[in-house]
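Q: Have a look at this one.
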Amino acid sequence: MRKNLSQNWKSIIFYILIPIMLIGAIFLFSGQNRNAVTTNYSEIVNLFRTDKVSEYELDLSSGQLTYTLTTDKKGTINKYTVPSVSYFLDDISDYVKDYNDAHPDKPITYNYKKGSTNTWWMSMLPTFIFTIIIVLMFVWLMRKMTGSISSETNRTLGFGKIKSKTQSGEESDKKFEDVAGCEEEKAELEELVDFLKNSEKYTELGARIPKGVLLVGPPGTGKTLLAKAVAGEAGAPFLSISGSDFVEMYVGVGASRVRDLFEQAKKKAPCIVFIDEIDAVGRHRGTGMGGGNDEREQTLNQLLVEMDGFGSNSGVIVIAATNRPDVLDPALLRPGRFDRQITVNRPDAQGREDILKVHSKGKPLAPDVDLHEIAKDTIGFTGADLENLMNEAALLAVRRKKKAITLQDIIDATSRVELGTEKKSHKFSEKAKKLTAFHEAGHAVASFYTEGHDPVREISIVPRGLGAGGYTWYTPQEENYNSRKEMLDNLVSMFGGRVAEALALDDISTGASNDLQRATEIVRDMVIKYGMSENIGPVVYDSGNGEVFLGKDYGHVNNYSEATSARIDAEVEKIMREAYEKTVAILKEHYDKLELVANTLLEKEKISGEVFESLMKFGTLPTSEETSSTDDAPAEIETVAEAQSEVVETAQATQTENTEE
């Protein structure tokens with residue numbers, strides 16, 4: 001609100017001055033006629049005729065008459081403005097002369113005051129000033145309106161200009177050392193940096209640096225950061241723009257902006273042009289509902305022409321990023337445009353550890369924090385996920401009034417990132433809690449007796465996320481492709497919740513709907529995408545175009561017959577039933593463990609993987625188990641951080657003493 005007032009103070013003052021000027025005009029013009037007709041002229045002349053005026057003074061220029069009456073003992077001065085000085089003098093001169101002749105001892109004293117030569121314009125000065133102010137305000141208002149129209153016109157004409165964010169490499173603080181977990185990708189991009197710094201040694205041998213580099217990978221893997229690091233290392237200008245910035249409602253604007261972008265780039269060469277989310281304009285042509293006249297296609301055509309029109313020594317390198325390479329037009333990916341494609345995958349364990357080291361700089365860590373172990377437990381996390389994880393852990397440590405980030409803070413932050421925030425304030429009935437406890441216990445027990453399944457990290461009946469009454473959290477052990485056996489084992493674990501409800505409560509609920517949906521998707525992919533069905537055979541019936549984009553799959557039909565579709569449905573149902581029956585057999589055989597885990601959950605609401613393993617192997621809780629929740633035990637963790645701080649201070653003091661000696 002204050003910002004808007006500060007920006008529009010001129011307009012506010014203008015609208016305040018308008019009523020003030022109107023009120024001033026009313027008072028000005030009314031003031032000029034205030035003394036116009038308060039007394040009749042005949043009455044004034046009659047005062048002189050009846051000898052009632054003892055003294056008077058007349059201003060010959062303004063006609064202002066000042067007089068004193070003989071009947072007024074106090075000598076009150078009266079004023080009157082005569083309509084005409086000459087007429088007035090003619091009317092009273094005889095009366096004044098006759099009175100003075102008859103009363104020589106006490107005549108009427110009078111004085112005629114000659115006005116200055118500028119009296120007439122002085123009287124007109126207020127009106128003149130007011131008129132000037134009105135004219136100036138009108139001119140200012142017209143200029144403002146004209147400026148608004150002009151700015152709108154300029155914006156309309158400026159639609160064809162690109163709105164890029166130009167950043168010089170010397171000012172960029174991003175270097176390759178700030179990008180962790182992408183060693184192979186950085187090695188490929190170092191060649192671009194060397195070309196931007198020493199282009200002569202490449203051109204002497206006739207080598208041509210790639211005109212375009214396409215960074216492909218899931219969101220959050222560091223594609224934009226890599227592009228900024230290239231610009232920072234090379235000390236070259238960095239023109240950054242999003243693919244959506246080319247798209248406007250006006251026809252031809254996108255193509256015009258593409259031309260303007262490359263004109264700017266050639267002026268700043270050698271430089272880097274970074275186009276983020278290039279799939280916004282680079283999608284496959286001929287897939288839009290507008291055919292060849294689609295605005296996106298015109299923009300793409302211009303982009304193809306500009307990239308193909310570079311000279312070998314132009315020094316402009318285009319780096320683009322996308323997480324949808326499957327929708328890009330083949331002409332955009334051919335050599336001569338994007339010569340090189342660099343896949344930026346999710347980091348491995350070592351890469352995650354390096355990323356954690358980068359994002360833990362400046363954050364005090366407790367002695368129990370082992371980044372190597374955390375990296376092993378965060379399989380599938382991207383660089384952005386790990387940055388968010390360390391930030392959430394720091395926020396939790398501050399909330400718990402600790403002096404350092406502990407391992408428990410990082411574990412809780414991991415669960416918060418993956419599963420959402422706990423809803424401890426939500427109250428549920430005993431029946432709902434019992435159903436949830438057996439449901440989650442069913443998942444955990446079924447997975448425990450499934451060979452090769454990921455171990456349980458935590459089980460909870462405290463709701464988290466969107467509509468989840470509880471959760472069973474697993475720790476992934478390997479980073480590889482899923483085998484057919486692993487997929488079937490996952491089905492057994494997914495059915496565990498529904499089977500446990502049926503066995504323990506003799507009823508089923510809607511809580512297993514998501515489990516059934518995911519299980520069905522896995523089985524259908526096994527049958528039609530991965531060729532893992534013995535009855536259907538090693539045949540792929542999925543075209544791979546699972547979603548509609550720009551009308552590419554508009555009106556898409558299956559490439560197999562109705563009979564094959566019936567066989568696929570029958571095979572999916574067969575595999576699902578076999579997995580369900582296997583789950584029933586496991587939980588019936590180990591029903592005592594199911595009850596034990598469910599009752600422990602009802603008592604504690606949350607159990608760790610160590611507690612679950614002890615219950616399954618020994619039937620009792622571990623002796624060293626801390627039953628208190630993580631939020632109830634910050635004092636002990638804080639003591640660890642304080643001990644670490646004391647050790648550091650003691651070491652510094654010892655070093656100081658040795659230096660002094």
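The values are calculated or read from the model by the stated rules, or taken from the named source; none is laboratory data. Everything numeric here is computed off the predicted structure, so don't read it as measured data. Neighbour counts are summed over all protein chains in view; Cβ atoms, including those assigned to glycine, are modelled from backbone coordinates with ideal geometry.
Q: Take the residues of region 583-621 that are within 22 Å of ASP412 (Cα to Cα) and charged (D, E, K, R): which is surrounded by the fewest Cβ atoms within 10 Å (Cβ to Cβ)?
A: Per the stated criteria, the residue is GLU603.
Q: When both residues are 6+ apart or on different chains and their Cβ atoms are under 6 Å apart, which pairs have a first residue that lies in region 382-400 and is more than 10 Å from THR414 (Cα to Cα), and a second that is surrounded by fewer than 23 Cβ atoms within 10 Å (Cβ to Cβ)?
A: Note: pairs meeting the criteria are THR382/GLY220; THR382/ARG346; ALA384/GLY220; GLU387/HIS359; ALA394/LYS363; LEU396/ASP412; LEU396/ALA413; ARG400/PRO634.
Quick grid of which residues meet (1) assigned to a loop (DSSP other than H, G, I, E, B); (2) surrounded by 15 or more Cβ atoms within 10 Å (Cβ to Cβ); (3) not assigned by TED's automatic domain parsing to the domain that holds GLU200:
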| position | (1), (2), (3) |
| --- | --- |
| ILE317 | no, yes, no |
| LEU332 | no, yes, no |
| LYS357 | no, no, yes |
| PRO367 | yes, no, yes |
| GLU373 | no, no, yes |
| GLY380 | yes, no, yes |
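Q: Given the conditions (1) within 30 Å of the chain's Cα centre (by Cα); (2) in the same structural domain as ASP506 (by TED's automatic domain parsing), report the number of the one that ALA446 does not fulfil.
A: Of (1) within 30 Å of the chain's Cα centre (by Cα); (2) in the same structural domain as ASP506 (by TED's automatic domain parsing), only one is false for ALA446: (1).
Q: Would you be able to tell me the number of residues in region 83-101 that are farther than 14 Å from PHE48 by Cα and of a type in the set (A, V, I, L, M)?
A: Qualifying residue count for the region: 1.
Q: Quick test for you: out of GLU603, GLU581, GLU625, pick the one residue that is assigned to a helix (DSSP H, G or I) and at pLDDT below 95. Steps first, answer last, please.
A: Working: GLU581 fails: at pLDDT below 95; GLU625 fails: assigned to a helix (DSSP H, G or I).
Selected residue: GLU603, the only one of GLU603, GLU581, GLU625 that is assigned to a helix (DSSP H, G or I) and at pLDDT below 95.
Q: Quickly run through region 73-90 and pick out the residues that are over 15 Å from ASN111 (Cβ atoms) and assigned to a helix (DSSP H, G or I).
A: The answer is SER86, TYR87, ASP90.
Q: I've got another one for you. Could you grab me the full set of residues in region 546-570 that are modelled with pLDDT under 60 and within 23 Å of MET487 (Cβ to Cβ)? I'd like the intermediate steps shown before the answer.
A: If we filter region 546-570 for residues that are modelled with pLDDT under 60, which is where we start, we get 546-556.
Selection gives GLY546, GLU547.
Q: Right, something else. I'm trying to understand the selection: among the residues of region 55-108, which are of a type in the set (A, V, I, L, M, F, W, C) and farther than 30 Å from MET124 by Cβ?
A: Of everything in region 55-108, those that are of a type in the set (A, V, I, L, M, F, W, C) and farther than 30 Å from MET124 by Cβ turn out to be LEU69, VAL96, ALA102, ILE108.
Q: For the list (1) of a type in the set (Asp, Glu); (2) surrounded by 14 or more Cβ atoms within 10 Å (Cβ to Cβ); (3) closer than 30 Å to MET124 by Cβ, I need the number of the one condition that ASP51 fails.
A: (3)
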